[in-house]
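The values are calculated or read from the model by the stated rules, or taken from the named source; none is laboratory data. Nothing here was measured: the structure is a model prediction, and the numbers come from that model. Here the Cβ is made from the backbone with ideal geometry for all residues, glycine too, and neighbour counts use every protein chain on show. All accessible areas refer to the heavy atoms of the entire protein, side chains included, with ligands and DNA or RNA removed. Shrake-Rupley method; radii C 1.70, N 1.55, O 1.52, S 1.80 Å.
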Number of protein chains: 2
Amino acid sequence: MAVTDIATRTYDHNFRLDPIVRSLLDTDFYKLLMLQMIRHRHPDVDATFSLINRTTSVRLADVIDEGELRAQLDHARSVRFTKKELIWLAGNSFYGRARMFGPDFIAWLAAFRLPDYELRKADGQYELHFDGPWTHTTMWEIPALAIINELKSRAAMRERGRFALDILYARAKARLWEKVERLRQLPDLVISDFGTRRRHGFLWQRWCVEALKEGLGDRFIGTSNVLLAMDADLEAIGTNAHELPMVAAALAEDDAALAKAPYQVLEEWRQLYNGNLLIALPDAFGTPSFLANAPDWLADWTGFRPDSAPPIAGGEEIIRWWQEKGRDPREKLLIFSDGMDIDSIEEAYRHFHGRVRMSFGWGTNLTNDFRGCDPDGGNGLDPISLVCKVTSANGRPAVKLSDNPAKATGDPAEIERYRRVFGVGGQKARPVEV
Amino acid sequence: MAVTDIATRTYDHNFRLDPIVRSLLDTDFYKLLMLQMIRHRHPDVDATFSLINRTTSVRLADVIDEGELRAQLDHARSVRFTKKELIWLAGNSFYGRARMFGPDFIAWLAAFRLPDYELRKADGQYELHFDGPWTHTTMWEIPALAIINELKSRAAMRERGRFALDILYARAKARLWEKVERLRQLPDLVISDFGTRRRHGFLWQRWCVEALKEGLGDRFIGTSNVLLAMDADLEAIGTNAHELPMVAAALAEDDAALAKAPYQVLEEWRQLYNGNLLIALPDAFGTPSFLANAPDWLADWTGFRPDSAPPIAGGEEIIRWWQEKGRDPREKLLIFSDGMDIDSIEEAYRHFHGRVRMSFGWGTNLTNDFRGCDPDGGNGLDPISLVCKVTSANGRPAVKLSDNPAKATGDPAEIERYRRVFGVGGQKARPVEV
C-alpha cells in the first residue's frame, strides 16, 4: 500500500514562498574578505551596484514575474547572519589562517542586513540597482544574481511535467559525471566551485559540490560558497574581485591617480591579508599595461587570476612577466576562472602542467549546464551572461575594461579615458558565453 | 531546517524483507492465457520447470545469498490474488475481448498459490526446480526469474554509496530517454514492454513503462506485465510461449506424434482464443520445418513471433511462406521480441516498413540496460541470459531446439532425436547476449 506523508504533501502544496537565499553565508567567500577591507579602509564610500544582462536576447522581464522577483529580494533582505554562522566565521581557519575575520567585524556582521533596492522594467529587461554604503551594497552582488538565475530556471521549468523534470535532472547529473570522469584523468588537478552566482538553483549547486567532493576527492579543494563550505566541511575559496580597483579608479582625482589606483588597492590588500590570499586580478583595465607598470613587490605575490584573456595566452603573458622579474613560475599560481568548462580546463592543464601551479575556479558550466537537457526542448535553461557590477562610487562613474571589450562596463566616454590612461590599444572582442 | 519523517526513516531502516514479488499479477500476461488453456485441456499433466543460466561466467550462487533467495521465494509463495485483481481480470477487456477469462478459471485462481521449490547450489550456480502440476509450476517462471535478477542487481549495488546510486540511475534514465527519442522518429512504431523476467528491479521496470507511456504515446501499446497494465491502465500484451509445444512434444508417444505436436497445441489454442491472440511461435523446433509442414489454416492466423532467428532473416522467411500460401503480408503481423534493442528495432522497422505489420516486444534491453552506468565500474549490473524452462512433462524430457543452437535446451540425445524428426540441418550458432 502506498503511504503518503500527508503533512509533507500539504506543506509542499501550500508554501507561500520557496526562498532562494536562506542565509547571508550563501555568497562568495571573496565578498566577506573584501567586505572586511572595505569596512576597514573605506567605510564612508558609497557604491552603486547594478544588474547587467549581457545576453540581451533573453528578455528577463518577460521571463521572470516582477512580483516573484520582489518577493525573493524582500526575503533576502529579511535574512540575518545566525549565531552559528558567526561563530563558524570567527572560529574557522581559512587558507590555514585562524581568526581571519576580526572580532569587531564579526560583531558588525551580527547587525548586517541587505540594503534596499530599486527595481523597474525597461525594454524587456530589469533595471536593478543597489545604492548606498559600499559596505552594504557590495553584499547584494551574489544573492541578486543567484535569485535572478534561479527564478529564470524555475520559469523555464514551470510547465514541465513530473517525468520531464526527472529526465532533465537525470541528464544533467549524467553529464556532470562525464565531466568528473574526465577530470579524474588529470592527476595534479586543483579545482574549486565558483558557481554560486550563475547557478541553476541552490539545491543543484549543492548537488554539484557533493558530486565533485565524491568524484574528485582531494583534487576538489573547496567552494566559493561560504554556506556550502560550512555545511560540507569544505574550504571556502576566493580572494578579491574587480570592484576593488574599479572603485579605487572611480575615486581617483585625476589621471595620474587613476593610473596608480589598481596598485593602491593591492597595497591595501597585502596590509590585511597574506599567503594564498595574495592573488591579483590583472585585467580590470587591461593586463598588458597592468603588468608593465606593476611594482616589483607584486612579483612576490602568490599568483594571478587572469579573468578575461584566453587562458593560455593570458597565462603565458603572466609567466613571461614573472620570468622578466626573475621569478620561477613553478612556484607561482595561476587561477583560471573565466567561463571554464571541461575542454578548456583540460587544455589549460595540459598546456601549463609542470610549468606553473594551477588552480581552476569552475563556475557557470559547473552549476548551470542544462543545455539540451530539457526533454521538451527549448533553450530556456541555457545560462546567460548576467553580472552585477559596481557602476559608480561616491557618484562618480565606475569602469571596467577587461581584456575582452565585450566584457567592458561603464560610460563610453569614461571607457575612452581609461583606455588612454592605461594605454590600452586594440583589443580583440570574443563572444561572452557565460 | 531539515525535516526528517521519523516514521518513514525508521521503517526504511528496519524492514525484515523488501519483497520482490508483491502480487501474482506481477507476471507476464501470456502465463495467464496459457494457464487457462493448460487447466482446461491438460489439468493432469505434471511439468518440471528449471532455472538455466546460459551466462555461465556469472556464478550466481557466489553473487546471491541463499538465505535471501529462499526468503524471496517463500514470500512469493505467500502471495495470493487479491479480490481487486480477480475483479479486474474478470471485468477487463483484453485485446478488445470481454470475459477473456472464464468465471470458473477466475474462481480457481482465487485459491491459487505458487507450489514448493527445490533449491541447491552446484558448481557456483543455483539449481532451482519446480515440480508438480503444470497448472502450478508454470506460474513460477516469471517470478523466479524476476527474483533472481533483482537479487543479482541488489548484490551488485550493495556496497554503493548514496551518490554512486544517484549517478547510476541518472545515467540509466538518460540512456533510456535517448532510446525513446530515437524511437520517436519511427512514426508507425508499435512497441510494448516485455521486460518483466529480466528486469533490473520492479520499481525500475515501472519507471521504464512510465517512460515509454510518456515518451511514445500511442506507439507504446502496453506491457506484458499484468500488474503494471492494471495499475497504469495499459493493455496487457502477450499470447503464448514455447512451453506449449515443448510439453506437447515431450508427451508424444512416438516420432510421428512428435512431428504433429507443434500444430496440435495451436489447434487447441485456436479453439480457446482468436483474433490478435492467434500468434504462433515458429521456432521451438526450427522454423524451416515448422513452416514446411504447417497446416494451411495457420496462414489465416494473425501472425508469428519469430523468437530466435535474426529478425530480418526470420521475418523474410515467414513473409515468403505467407506469399507462397497466397496471403498478403501487409495484412499479417510479425512480433519481434528476441533480445531487441534500439539498433535492431530501427533496423527491422526500416527493413519491413510497408511490407508487413510489425510489433516489437522490448525486454531485457528496456528494463535492464545498466551496462557502463555504475560509476564505481564493474559489470555486476550487466544482464545475464537466464531462463526458466520446462525440462520434463510427466517424467519425460522436454526439449527446445530454436533457430539458434545456443538457445537449445534439453537432453543431448533427445535433442538429436528432435533434430532428426524435425529435419533440422546445419544451424549457425549466434551468441546469446540476453
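What the table below lists for this structure:
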| quantity | calculated |
| --- | --- |
| Label point distance in nm, A:Glu346-A:Arg97, each placed 7 Å from Cα along Cα→Cβ | 3.7 |
| Mean separation of Cα contacts under 8 Å (6+ apart) over length of the range B:122-226, as relative contact order % | 31 |
| The range B:314-434: C-alpha gyration tensor shape, a/c 1.5 cut-off, then a/b vs b/c | oblate |
| Given charges at beta-carbon only (K, R positive; D, E negative), |dipole| of the range A:273-423 in Debye | 620 |
| Most positive-pole-ward Cα, B:Gly426, B:Gly372, B:Val387, against dipole of the range B:358-434 from beta carbon charges | B:Gly426 |
| Accessible area of the range B:177-294 belonging to carbon and sulfur atoms, whole % at 1.4 Å probe | 48 |
| Sparse-neighbourhood loop sites, GluC sites (Glu not before Pro) in the range B:224-253 - DSSP loop, at most 16 other Cβ within 10 angstrom | B:Glu253 |
| Percent of Cα-Cα distances greater than 20 Å, calculated over the range B:217-365 | 51 |
| Carbon and sulfur %, accessible surface of the range B:296-434 computed with the full protein complex present, 1.4 Å | 46 |
| Anisotropy class of the range B:77-136 from Cα gyration tensor, a/c 1.5 cut | prolate |
| At 1.002 mPa s and 20 °C, Stokes diffusion of chain A via Kirkwood alpha-carbon radius, µm² per second | 95 |
| Candidates A:Ile147, A:Ile87, A:Ile312, ranked by Gaussian network fluctuation over chain A, Cα under 10 Å, top entry | A:Ile87 |
| Farthest positive-ward along the range A:237-367 dipole, Cα basis, beta-carbon charges - from A:Tyr273, A:Ser337, A:Gly363 | A:Tyr273 |
| Cα convex hull volume per residue for the range A:1-98 (Å³) | 243 |
| Within the accessible area of the range B:36-139 (1.4 Å probe), percent carbon and sulfur | 50 |
| About the Cα centre, charge dipole magnitude for chain B (Lys/Arg +1, Asp/Glu -1 at Cβ), debye | 420 |
| Dipole of the range B:188-319, positive end: most advanced residue of B:Pro295, B:Val190, B:Gly217 [Cβ charges, Cα centre] | B:Gly217 |
| Spin-label pair B:Phe15/B:Gln264, simplified geometry with 7 Å Cα→Cβ offset, distance in nm | 4.6 |
| Helix-only CD estimate at 222 nm, as mean residue ellipticity for the protein assembly as shown, using -39500 (n - 2.57) per DSSP H run (n ≥ 4) | -13000 deg cm²/dmol |
| Position B:Gly426, label points 7 Å along Cα→Cβ, spacing to each other copy in nm (shortest first, one decimal) | 7.5 |
| DSSP bridge pairs, the protein assembly as shown: antiparallel proportion in percent, nearest 5 | 55 |
| Whole-number percent relative contact order across the range B:331-434, with pairs defined as alpha carbons under 8 Å at least 6 apart | 21 |
| Contact order normalised by residue count of chain A, Cα under 8 Å, 6+ apart, percent | 21 |
| Exercise: per-residue mean of other protein chain Cβ atoms within 10 Å, A:77-90 | 0 |
| Cross-link partners of A:Lys173 among lysines (Cα-Cα below 20 Å; sequence separation of 8 or more within a chain) | A:Lys152, A:Lys213, B:Lys173, B:Lys179 |
| With Cα atoms, 0 to 90° folded angle of helix A:202-216 axis to chain A main axis | 70 |
| Full-extension gain in nm, A:Glu159 to A:Ile312, via 0.36 nm per residue minus C-alpha separation | 50.9 nm |
| Whole-Hz couplings from phi, Karplus 6.51/-1.76/1.60, listed for the range A:65-78; x for Gly and Pro | 6, 5, x, 5, 4, 4, 4, 6, 4, 5, 5, 4, 5, 8 |
| When the convex hull of its Cα atoms is projected in every direction, mean area for the range B:45-168 (nm²) | 10.8 |
| Chain B: angle of helix B:311-324 to the longest principal axis, Cα-based, in degrees nearest 10 | 30 |
| Helix A:141-157 vs. chain A, principal-axis angle (Cα, 0 to 90°, nearest 10) | 40 |
| Virtual spin-label span in nm between B:Arg41 and B:Arg59, 7 Å along Cα→Cβ | 4.4 |
| Interface burial for A against B (accessible surface, 1.4 Å probe, total of both chains, Å², rounded to 100) | 1500 |
| DSSP beta bridge pairing in chain A, given as percent antiparallel to the nearest 5 | 55 |
| R0 of 35 Å, Cβ-Cβ distance B:Ser78-B:Asn274: FRET efficiency to nearest 0.05 | 0.45 |
| Residues of the protein assembly as shown: accessible area per residue with a 1.4 Å probe, Å² | 41 |
| Alpha-carbon Rg/Rh ratio, for the protein assembly as shown, with Rh computed the Kirkwood way | 1.10 |
| Fully extended contour minus Cα-Cα distance, from A:Arg120 to A:Glu210, at 0.36 nm per residue | 28.7 nm |
| With at most 11 neighbouring Cβ atoms within 10 Å, loop trypsin sites (Lys or Arg not before Pro) (DSSP) excluded, longest segment of chain B | B:159-427 |
| Candidates B:Asp28, B:Asp74, B:Asp307: whichever shows maximal mean-square fluctuation once chain B is modelled as a Gaussian network with Cα springs under 10 Å | B:Asp74 |
| Kirkwood hydrodynamic radius of the range B:116-275, Cα pairs, Å | 19.0 |
| Total charge dipole magnitude, the protein assembly as shown, about the Cα centre, Cβ charges on Lys, Arg, Asp, Glu only, Debye to nearest 20 | 260 |
| Delta accessible area of at least 30 Å² on complex formation, residues of the range B:164-188, 1.4 Å probe, chain isolated as reference | B:Asp166, B:Ile167, B:Ala170, B:Arg171, B:Lys173, B:Ala174, B:Trp177 |
